[in-house]
1. Based on the Cβ-Cβ distance of HIS116 and GLN58, what FRET efficiency does E = 1/(1 + (r/R0)^6) give at R0 = 45 Å, to the nearest 0.05?
2. Does anything in the stretch 106-133 have its amide N under 11 Å from the 7 Å Cα→Cβ label point of GLU172, and if so which residues?
3. Using a basic spin-label model with each label point 7 Å from the Cα along Cα→Cβ, how many nm lie between ASP37 and ARG49?
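Quick note: the coordinates plus some simple rules give every number you see, no bench work behind them. The model shown is predicted, which means the values in this text are computed figures rather than measured ones. Positions of Cβ are backbone-derived with ideal geometry, glycine not excepted, and every protein chain shown enters the neighbour counts.
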Amino acid sequence: MMSRQICVVLVVAVFAYPGLGQADQFRPSTYDECITDSMKGVASDIAARAIIDSCRNQFPEQVATAASQTEVAPQQEEVAPGTSRDLTPEELGKLAATAFVSGDSYRMRFRNENEHLTVTEVTIAVWDTSNPDGRREYSRKVRIEPLESGSAKYTVVSEDTGFDWASTFEDESAWKITAAKGMD
């Protein structure tokens, strides 16, 4: 009987104070760290949106600071003209991406799985699923080293795409990587 009461007290304590059983050393300490750690292996836009929302809730003050800054890929360095080339279909296949769509903004997170290639530019196509003819492409300069991740923000011009911004945009939009450049 006594062991049953102890078990009940332990269960109640775990649910009432979940932080007691968790080590803070394994939790992210910044918004960026939260996103980077949580996005590993995520291939679904829905899961990516849930992760971003969770990280925003954990680090709201850092999100406000980050939103006021221009978002560009890390290590944004200009690449010397003429050194970049179009990626082959095989190399392009090793460039993975997730997107967070908010209004006319696409925040892309890229993972360069090419072992000897630095990605210098990524082009995405965006379209309304009800109007595939409205597909438009947008390019951004980036610098994503081999086997590293980077991000970029694309602003979609609504007049170019024919999107109905009053509708549920995220559910009716589609995107994909159409081209990229890099250097060996």
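1. 0.80
2. 128-131
3. Placing both labels 7 Å along Cα→Cβ, they lie 2.5 nm apart.
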